[in-house]
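Below: the structure, in structure tokens.
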Amino acid sequence: MSALAGLKRAVTDSIPEPLAERVLPWKRAAFRSAGVTSSAPAETRLLIAPVNSAGQGFAWARAAERLPGVSAANFMYRGADDVFAYPADHSVPTAYFVQNRRWQAAQRRAVARGFTHVLVESGRQVLGSGSTPADDVAWLRSRGLQVALLWHGSDIRRPDHHARREPDSPFRDGQYGEQSRLQEITEANHRLQRRLGIPAFVSTPDLLTDLPGATWLPVVVDVDPWAATAPAAPLRRDRPIVVHAPSRAGLKGTAAVTPTLQRLHDDGVIEYREVTGVPASRMPQVYGEADIVLDQFSLGIYGVAACEALASGRVVISHVAEEVRERVRAGTGRELPILQSRAADLEGVLRGVLADRDRASAFAADGPDFVRAVHSRRRAAEALAGFLGEREGGGGSRMEDWTDAR
């Protein structure tokens with residue numbers, strides 16, 4: 001540490017935090033830069049916070065703004081290791097969210113004054129540390145805000161229940177390293193949902209098994225950027241490119257399919273690419289270069305990654321449980337255009353695709369239309385309309401430069 005840096009830290013540590021925030025230039029600059037969350041003027045103002053998983057908080061905020069008289073904003077805290085860099089209306093570093101009491105007070109006032117509705121993601125604290133999620137919800141409701149809980153997947157999908165209903169579950173026989181931790185988290189979140197008794201939304205249809213009374217809020221994927229980077233139809237190469245991009249390999253069944261894929265790669269049947277740690281902005285190019293995209297082989301679900309691959313017009317292969325397919329069929333009148341395969345069947349499915357490329361390509365061609373119909377902002381707005389008390393038309397959101405705590 002340089003002498004100047006050491007002096008700066010010594011000065012900072014010697015001044016009480018609330019005073020330091022006001023008198024030290026670098027602290028004032030950081031506070032100004034952090035800002036607080038705000039929304040455009042509207043009768044109904046929705047906040048979605050604090051996770052923004054796969055950029056969906058931001059996407060759902062834009063969907064909500066289709067409803068007349070609604071503006072929306074999403075807020076998230078980001079760790080220093082956030083390699084995906086999904087867009088957000090407002091974000092602050094995780095340490096700032098957890099430690100900065102002056103910012104927390106300013107954010108509380110901004111939320112109470114600036115919003116009418118809040119979607120709390122993943123049972124997390126939304127107003128900083130020092131309180132529980134239940135405390136935050138109670139505080140918001142006591143100030144007249146309408147609050148609902150929004151669940152993304154591993155935050156509410158109980159491992160023990162999943163293991164009983166899914167033969168290929170990663171939670172069978174203690175296979176998944178973080179299983180005990182996930183069990184504790186999901187049980188706590190189910191208790192929170194029961195205790196609060198407020199509306200619940202889930203982002204994928206499989207989660208309706210875990211929360212039967214919830215509303216399916218479809219993930220939103222804008223087809224155009226994905227389709228634009230994949231102009232050629234798939235399967236025109238002799239040796240097709242097969243991509244698998246597991247965000248959490250232990251939950252996606254990656255280990256169960258890797259030996260098969262590596263063998264097919266070594267035999268020259270396919271060119272296999274496993275992709276990790278790629279920023280969200282580069283994923284359209286990754287999928288656009290592929291012929292076949294493999295999603296997951298253990299959970300029996302589909303989510304954002306599968307929808308992005310479908311939007312690219314690629315052949316998508318994954319294990320999606322029949323119960324999930326039937327929910328999509330019943331709720332939308334459409335068939336999910338994902339080729340079914342369990343891990344043990346993957347080689348046969350891949351060879352079948354290569355044996356009848358025209359049929360597989362025609363199947364892939366349904367992907368963009370499916371995503372436009374089922375995973376659009378319009379469809380998400382319809383799901384939110386009841387909670388917001390509105391029907392489907394504009395709005396806006398912004399991050400306010402909060403120069404001083406009031």
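Quick note: the coordinates plus some simple rules give every number you see, no bench work behind them. This is a predicted model, so every value here is computed, not measured. Cβ atoms come from the backbone with ideal geometry, glycine included; neighbour counts cover every protein chain shown.
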| said: Pairs of alpha-carbon atoms within less than 8 angstrom and 6+ residues apart define the contacts here; what relative contact order does region 223-375 have, in percent? | reply: 28 percent
| Among Ser318, Ser281, Cys307, whose Cα sits farthest toward the positive end of the charge dipole of region 270-327 (+1 at Cβ of Lys/Arg, -1 at Cβ of Asp/Glu, about the Cα centre)? | Ser281
| request: Among Ser71, Ser376, rank each residue by its count of other Cβ atoms within 10 Å, from fewest to most, as a rough exposure measure. | output: Ser376, Ser71
| request: Bin width 10 Å, alpha-carbon pairs only: give the P(r) of the chain as whole percents, running from 0 to the bin holding the largest distance. | output: 5, 21, 29, 24, 14, 7, 1, 0
| message | Only four residue types carry charge here, +1 at the Cβ of Lys and Arg and -1 at the Cβ of Asp and Glu. Report the dipole size of the chain about the Cα centre in Debye, rounded to the nearest 20. | response | 1400 debye
| task | Quote the convex hull volume per residue of region 111-155, based on C-alpha atoms, as a whole number of Å³. | result | 67 Å³
| said: Projecting each Cα onto the charge dipole of the chain (Lys/Arg +1, Asp/Glu -1 at the beta carbon, about the Cα centre), which of Pro68, Ala344, Ile270 comes out farthest on the positive side? | reply: Pro68
| request: Arrange Trp151, Trp216 by Cβ neighbour counts within 10 Å, fewest through most, would you? | output: Trp216, Trp151
| Near the amide H of Val147, under 5 Å away, which other amide H atoms are found, from residues 5 or more places off or on another chain, if H is placed in the peptide plane? | Val118
| remark: Along region 235-249, Karplus-curve 3J(HN,Hα) (6.51, -1.76, 1.60; θ = phi - 60°) to the nearest Hz, with x for Gly and Pro, reads 6, 8, 7, 5, 10, x, 8, 10, 10, 10, 10, x, 5, 9, 4
| How do Arg78, Arg109 line up, fewest other C-beta atoms within 10 Å first? | Arg109, Arg78
| note | Here region 223-375 gives, from Cα atoms, an Rg and Dmax in Å of 14.2, 42
| Sorted by mean Cβ packing within 10 Å, highest first, what order do the peptides 348-355, 305-312, 335-342, 364-371 take? | 305-312, 364-371, 335-342, 348-355
